[in-house]
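Single-structure report; data block below.
The values are calculated or read from the model by the stated rules, or taken from the named source; none is laboratory data. Since the structure is predicted, the reported quantities are computational estimates derived from the model, not experimental observations. Here Cβ is always computed from backbone atoms with ideal geometry, including for glycine, and neighbour counts include all displayed protein chains. Keep in mind that these areas ignore ligands, DNA and RNA; they rest on the heavy atoms of the full protein, side chains included. Shrake-Rupley method; radii C 1.70, N 1.55, O 1.52, S 1.80 Å.
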Amino acid sequence: MPRLLATLLLLPSLLLGGCASTGGPDGATSEADPLEPWNRAVYRFNRTADEWVLAPAARGYVAVTPEPVDTGVTNVFQNLEDVGNLVNNTLQGKMDRAVSDLGRVSFNTTLGLLGIFDVASPLGFERHDEDFGQTLGWWGVPSGPYFVLPLLGPSTIRDTAGRGGDYFVSPYDYLELTTGGAYALYTLRAVDFRASLLGTDRLLNEASFDPYAFQRDAWLQRRRNQVHDGDPPMMEEEEMDMLEGMEGVGE
């Protein structure tokens, strides 16, 4: 299946959003990672696959692709993904964001020549990255344990289930392409995405004696912030620390 190939090629395992640990149901504690033996084994497999396949392909792509062309390719894929952003913002009741997403898709598809040019951003239509995993979190579904997927990278049980919703709203699957064209499109998307992460390689390798724990903590913190739009509720451990600090001031 072309869709399956695309998913397997997409290795978002280097997406980082911070390095601080967080506790609680969405945090990087032992309670959030009860599947650590499995996760570490899959993490090592993913790193090897990325090192030998996708990262070299991404470096070659950057070397031979002029920057304006690379930007146009990225814009086209982001325009397609804005459809999913529109659906998920609507499901979350964020109508102001949904209107912005609709404006982006409308203007970039028409005036931007199918998204090659991002004409919506200068017009004030902000881009929002949303997926069905975030929607489930917005609805109050617990994240569940941290779970590293083969070739797909960091996830949780909730976000893994959310991939099913993403599948049905993705416009990739509704494009009338030949099998060869579909494989080419999805492979290009995977390589283009990986190319955008080349700058994080050194950070991940040097930021910690335990790259797995660093990535887990960073990903969970970033994911928690995404679900709560950058303003996550205070967790129990943070509340306890704050209360203890207030007691100390009063003494």
#### Entry: helices (runs of 4 or more DSSP H) wholly inside region 1-80 containing at least 1 residues that are modelled with pLDDT of 95 or more and surrounded by 16 or more Cβ atoms within 10 Å (Cβ to Cβ)
36-49, 55-64
### Query
Restricting to region 85-121, what's the tally of residues that are of a type outside the set (Gly, Ala, Ser) and in a helix (DSSP H, G or I)?
19
### Task
Considering only region 137-150, state which residues are farther than 19 Å from Tyr43 by Cβ and crowded, with 22+ Cβ neighbours inside 10 Å.
Gly137
### Message
Here is a list: Gly181, Gly153, Gly199. Which entry is open to solvent by less than 60 Å² (accessible area, probe 1.4 Å) and without any contact (Cβ under 8 Å) to a residue 40 or more places away in the chain?
### Response
Gly181
### Task
Could you please let me know if Ser121 is surrounded by 18 or more Cβ atoms within 10 Å (Cβ to Cβ) and in contact with a Lys or Arg (Cβ under 9 Å, 6 or more places away or on another chain)?
no
### Query
Of (1) of a type in the set (Ser, Thr, Tyr); (2) touching a strand residue (DSSP E or B) at 6+ places or on another chain (Cβ under 6 Å); (3) at pLDDT 95 or above, Ser143 satisfies all except one. Which?
(3)
### Summary
Of Tyr186, Tyr167, Tyr174, the only residue that is open to solvent by less than 60 Å² (accessible area, probe 1.4 Å), modelled with pLDDT under 90 and among the hydroxyl-bearing types (Ser, Thr, Tyr) is Tyr186
### Tally, over region 42-60, of residues that are closer than 16 Å to Ala195 by Cβ and charged (D, E, K, R)
3
### Query
Within region 81-106, how many residues are closer than 26 Å to Ala58 by Cα and either surrounded by fewer than 19 Cβ atoms within 10 Å (Cβ to Cβ) or of a type outside the set (S, T, N, Q) (or both)?
4
